[in-house]
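Here is the structure we will look at, set down as structure tokens.
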Amino acid sequence: MLTKQTEIELSNDQVEEIISWRRYLHQHPELSFQEYKTSAFIYETLSTFPNLEVTRPTETSVLAVLKGAYSGKTIGFRADMDALPIQEETGLPYASKNDGVMHACGHDGHTAILLGVAKALSAQKDKIHGEIRFFFQHAEEMLPGGAREMVAADVTEGVDYVFGLHLSSLTPVGQLTITPGAATSNSDMFHVTIKGKGGHSSQPENTIDPVVTSAQIITSLQTVVSRITSPKDELVVSVTTLQAGDAVNVIPEQVKIGASVRSFSQDVRKRAVEAIEQIIKGVSEANGCQYELNYTYGYDSVMNDTKATAIAVEAIRRKLGEAAYAEGEAIMGGEDFSAFSNVVPGCFVFVGACAPNNQTPAPHHHPKFLIDEAALADGANMFLAIAEDLVLE
Ligand SMILES: [Zn+2]
Ligand SMILES: [Zn+2]
């Protein structure tokens, strides 16, 4: 049996410090790509820890590198730091001071956890075999996402494994979950303009009607899921916006359609895109309409690597107890941790953050979103346990 020579126990003071960082960040939220004060706070805080090389890979991201005394594996931990355009309604004493901006997804907690982990590990340089990189990522909430910018800045060069976490307001505190394989979805969307020829509603023969054409397109798009992909494939195509004319006696010139497309595998995603364009093209042409399609590829699905998942599961069980781990289900939501895990074997862990007495927890991105701060120690302990297993002697 493997015994850990170095077990890092977070002191009460260290946990309190993580909570205080989280509260500071919660009070000072910033929107995606505008995390100037947040990243300055992270940079300055990291600069007070020993043995770290702290740099700025992009304008608002921060990288800290901890090189151990001995050679070994290189592992990375990632936290995102951005907030959302939401007016906070939690009534917390440390609620947002920035009007209309709120940490309503828990990224304040992710950042505070990783600062705590960086502080705890930076004191262990002499026992580290390998290297630990701390990725403080900007702009998770807005396409094209900060993760791909950090990866483009080569922060993952030479990294063997990468780990990330997300607090979950709907999961009981003390429960950590991992979904083997696909954990989040490919989160795409498209906008299409169907162009006809407008005219008087009483003289349809002199027009090309984009409304009827659009109705056919929307109906036909239902076959992308029901006929074109297998029942075993996981795919959602939802037409969600529709803008046509303004007057009942006018056949409009054009109609705008918007839709959301979610899938897990890259193969299903590719086939869906092809089918969508074929339907729009075919139906438009059959009706004499033109079309302009803008397909936006969102974040790739997070694919948890088998080995990295086994490492994280083992670390959670060892450090937090057998009952702390449960297998999770894939969610049809996007997460740009995939930019890291596409290039390095990775694992993304959900950390329960719902207080035991909270019967009606608010979901993420809600003005009343809350986390139980006890989850912060769980997240930090999980990362520390992974470091103990992989690079600490
Ligand atoms: Zn979010
Ligand atoms: Zn989030």
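Solvent-accessible surface of the chain, taken per residue with a 1.4 Å probe and all protein chains present: 44 Å².
What a 1.4 Å probe finds exposed on region 186-296 is 51% carbon and sulfur by accessible area, rounded to a whole percent. Taking 1.002 mPa s as the viscosity and 20 °C as the temperature, the Stokes-Einstein diffusion coefficient of region 37-180 based on its alpha-carbon Kirkwood radius rounds to 132 µm²/s.
Could you compute the net charge surrounding residue 360? Neighbours are other residues with a C-beta less than 15 Å from the C-beta of residue 360; K and R count +1, D and E count -1.
-1
Pairs of C-alpha atoms in the chain farther apart than 35 Å represent 34 percent of all such pairs.
Please go through region 162-242 and write out the trypsin sites (Lys or Arg not before Pro) that DSSP classes as loop and that have at most 10 other C-beta atoms within 10 Å.
The qualifying sites are 232.
Taking all C-alpha pairs of region 309-393, those more than 20 Å from each other amount to 46 percent.
Here is how the number arises for the chain: DSSP H runs of 4 or more residues each give -39500 (n - 2.57), the sum is divided by the residue count, and the result at 222 nm is -10000 deg cm²/dmol. Applying the criteria of a DSSP loop state and at most 14 other Cβ atoms within 10 Å to the GluC sites (Glu not before Pro) of region 321-354 yields 329. With angles folded into 0 to 90 degrees, how steeply does helix 266-286 sit against the dominant principal axis of the chain? Use alpha carbons for both and round to 10. That works out to roughly 20 degrees. Computed over neighbours whose Cβ is under 11 Å from that of residue 244, the net charge equals -2, Lys and Arg +1, Asp and Glu -1.
With Rh defined as the Kirkwood radius, the inverse of the mean 1/r over Cα pairs, the Rg/Rh of region 186-296 is 1.03.
Add +1 for every Lys or Arg and -1 for every Asp or Glu among the other residues with Cβ under 13 Å from the Cβ of residue 234, and state the total.
My count for the surroundings of residue 234 gives +1.
The values are calculated or read from the model by the stated rules, or taken from the named source; none is laboratory data. What you are looking at is a predicted structure, and each value in this text was computed from that prediction instead of being measured. Note that each Cβ is placed from the backbone with ideal geometry, even for glycine, and that neighbours are counted across all protein chains shown. Heads up: the accessible areas ignore ligands, DNA and RNA and are worked out on the full protein's heavy atoms, side chains in. Shrake-Rupley method; radii C 1.70, N 1.55, O 1.52, S 1.80 Å.
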